[in-house]
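First the structure, in the form of structure tokens, and then the observations on it.
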């Protein structure tokens, strides 16, 4: 738990205070030369799935090349989302699956979402936990109009339930921002994982 909390704190600190800190928190240096040499189509094929079912982020971020570092590239992707109209930001949030929801049960989630939810044990919930999470998903979506998004790799199962209940008390504007901030953390972790596996 301490390790996860420390990594989470490092990521938040890095996202708030500057890109250089993020790499030292979670990954080693990446050779940006081949990435910067990609044409738009190749870049979207490689990085289009980083933002859940939203390849438009990678497509627009490609125009910001050359990237000096992986942090610079992720910052470019985040800037695309931050500068997008609210309707497009909402569509990005709505592209995310519910936690242990219908998509998980039907096996239709993206590979990244499957791995992320499994990392926190959401693929092995007790029946009572499944019912509670289903109720929380429904309450959150009914109140805000988009799904609850959390960087599950940074939390235990218990921490996720705690955050779900806590955040349900917020106003819509705050939760919209919270969801986006978690998307930025999730996508940074996905980027690291993708390039570590390359």
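The values are calculated or read from the model by the stated rules, or taken from the named source; none is laboratory data. Just so you know, these numbers come straight off a predicted model, no measurement behind them. Neighbour counts are summed over all protein chains in view; Cβ atoms, including those assigned to glycine, are modelled from backbone coordinates with ideal geometry.
Hey, any hits in the stretch 85-93 for a residue that's assigned to a helix (DSSP H, G or I), surrounded by 14 or more Cβ atoms within 10 Å (Cβ to Cβ), without any contact (Cβ under 8 Å) to a residue 40 or more places away in the chain and touching a helix residue (DSSP H, G or I) at 6+ places or on another chain (Cβ under 7 Å)?
For the stretch 85-93, residues assigned to a helix (DSSP H, G or I), surrounded by 14 or more Cβ atoms within 10 Å (Cβ to Cβ), without any contact (Cβ under 8 Å) to a residue 40 or more places away in the chain and touching a helix residue (DSSP H, G or I) at 6+ places or on another chain (Cβ under 7 Å): absent.
Output yes when any residue across the stretch 85-95 is at pLDDT 95 or above and farther than 30 Å from residue 133 by Cα, and no when none is.
Scanning the stretch 85-95 turns up at least one residue that is at pLDDT 95 or above and farther than 30 Å from residue 133 by Cα.
It is to be established whether one or more residues within the stretch 8-27 are modelled with pLDDT of 95 or more and surrounded by 14 or more Cβ atoms within 10 Å (Cβ to Cβ).
no
Kindly list the number of the only condition in (1) buried (at least 16 other Cβ atoms within 10 Å of the Cβ); (2) free of Cβ contacts under 8 Å to residues at least 60 places away in the same chain that fails for residue 158.
Going through (1) buried (at least 16 other Cβ atoms within 10 Å of the Cβ); (2) free of Cβ contacts under 8 Å to residues at least 60 places away in the same chain one by one, residue 158 breaks only (1).
Does residue 174 satisfy the criteria of being loosely packed, with under 14 Cβ neighbours inside 10 Å, in a helix (DSSP H, G or I) and under 18 Å from the mean Cα position of the chain (by Cα)?
It is true that residue 174 is loosely packed, with under 14 Cβ neighbours inside 10 Å, in a helix (DSSP H, G or I) and under 18 Å from the mean Cα position of the chain (by Cα).
Can you find even one residue in the stretch 99-120 that is at pLDDT 95 or above, surrounded by fewer than 21 Cβ atoms within 10 Å (Cβ to Cβ) and assigned to a loop (DSSP other than H, G, I, E, B)? Let's see the steps before the verdict.
First, the residues of the stretch 99-120 that are at pLDDT 95 or above: none.
No: the stretch 99-120 contains no residue that is at pLDDT 95 or above, surrounded by fewer than 21 Cβ atoms within 10 Å (Cβ to Cβ) and assigned to a loop (DSSP other than H, G, I, E, B).
Since residue 166 meets every condition but one in (1) in a helix (DSSP H, G or I); (2) farther than 25 Å from residue 57 by Cα; (3) in contact with a helix residue (DSSP H, G or I) (Cβ under 8 Å, 6 or more places away or on another chain), which condition does it not meet?
Result: residue 166 fails condition (3) only.
Is it the case that residue 182 is surrounded by fewer than 17 Cβ atoms within 10 Å (Cβ to Cβ) and at negative phi?
No, not satisfied.
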